[in-house]
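The values are calculated or read from the model by the stated rules, or taken from the named source; none is laboratory data. Being a predicted model, the structure only gives us computed values, none of them experimental. Every residue, glycine among them, receives a Cβ derived from its backbone with ideal geometry; neighbour counts consider all protein chains shown.
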Amino acid sequence: MEDDHFIALSALQHYLYCPRQCALIHVEQLWAENVRTAEGRLLHERADQPRSERRRGVRAVTAMPLAHQALGIAGVADVVEFHQTPEGERIVPVEYKRGRPKAHRADEVQLCAQALCLEAMTGKSIPAGALFYGEARRRTDVAFDDELRQLTFNTVTAVRAMLSAGTTPTADYQPRRCDGCSLLDLCQPRLLGRRGTVDAWLARQLKED
């Protein structure tokens, strides 16, 4: 799983949230922490300890390593539940997130990628998983339908292309997305976003001349 062939499952979430953030972390190897990331880290601490527990007929495995050889993705699932039902064993990946459910599908894609890994590893179909949001303190079920699976495949392709190129997308300042990002000072989206606008203006002027 340390082979360069593999893409970290977290990179898929980072890419859909912001391609530049994904590149800063996974291409340039930059990282910074703020209150939000610290809260997320604390939320994950219990799930980050590998163990297996059984409650009410459900076996829960925490910090479970995952990989999909064909897709070239790998990572660690917060929790994987194994439910015993009359129809057989049902596998449910559960991902822990701080905050609340989001409008974009970045978290769902990361979870779906976990399910794809589990399907490849176990040979069993996994129709759904769950996201647990710390701020809302509730669990949101996620169906792995054809649309979400295709979005996940497309994201894997896009991230692999970006990592192979080794390039970082230009800054695009969006207050709601950028102001809460722990990489804000490293990214400098306000400054670099304006610089991109100036460069484009200069290019147009040179072309006209």
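Out of all the residues in region 49-78, which are assigned to a strand (DSSP E or B), surrounded by fewer than 14 Cβ atoms within 10 Å (Cβ to Cβ) and among the aliphatic types (A, V, I, L, M)? Listed by number, the list holds a single entry, VAL58.
Could you tell me whether ALA128 is within 17 Å of CYS22 (Cβ to Cβ) and free of Cβ contacts under 8 Å to residues at least 40 places away in the same chain? The answer is no for ALA128. Could you list all residues from region 79-127 that are touching a strand residue (DSSP E or B) at 6+ places or on another chain (Cβ under 7 Å), hydroxyl-bearing (Ser, Thr, Tyr) and more than 21 Å from ARG138 (Cβ to Cβ)? If the condition is that a residue be touching a strand residue (DSSP E or B) at 6+ places or on another chain (Cβ under 7 Å), hydroxyl-bearing (Ser, Thr, Tyr) and more than 21 Å from ARG138 (Cβ to Cβ), then THR122 is the only one that fits.
Which condition from (1) at pLDDT 95 or above; (2) closer than 30 Å to GLU89 by Cβ; (3) not polar (S, T, N, Q) is the one that TYR15 breaks? Result: TYR15 fails condition (2) only. Taking first residues from region 175-194 that are not assigned by TED's automatic domain parsing to the domain that holds LEU16 and partners that are of a type in the set (S, T, N, Q) and in a helix (DSSP H, G or I), the Cβ contacts under 8 Å between residues at least 6 apart in sequence or on separate chains come to CYS181/GLN21; SER182/THR37; LEU183/GLN21; CYS187/GLN21. Note on region 167-183: residues that are part of a helix (DSSP H, G or I), within 20 Å of the chain's Cα centre (by Cα) and modelled with pLDDT of 85 or more total 2.
Restricting region 91-115 to residues that are in a helix (DSSP H, G or I) and touching a Phe, Trp or Tyr at 6+ places or on another chain (Cβ under 7 Å), the residue that is modelled with the lowest pLDDT is ALA106.
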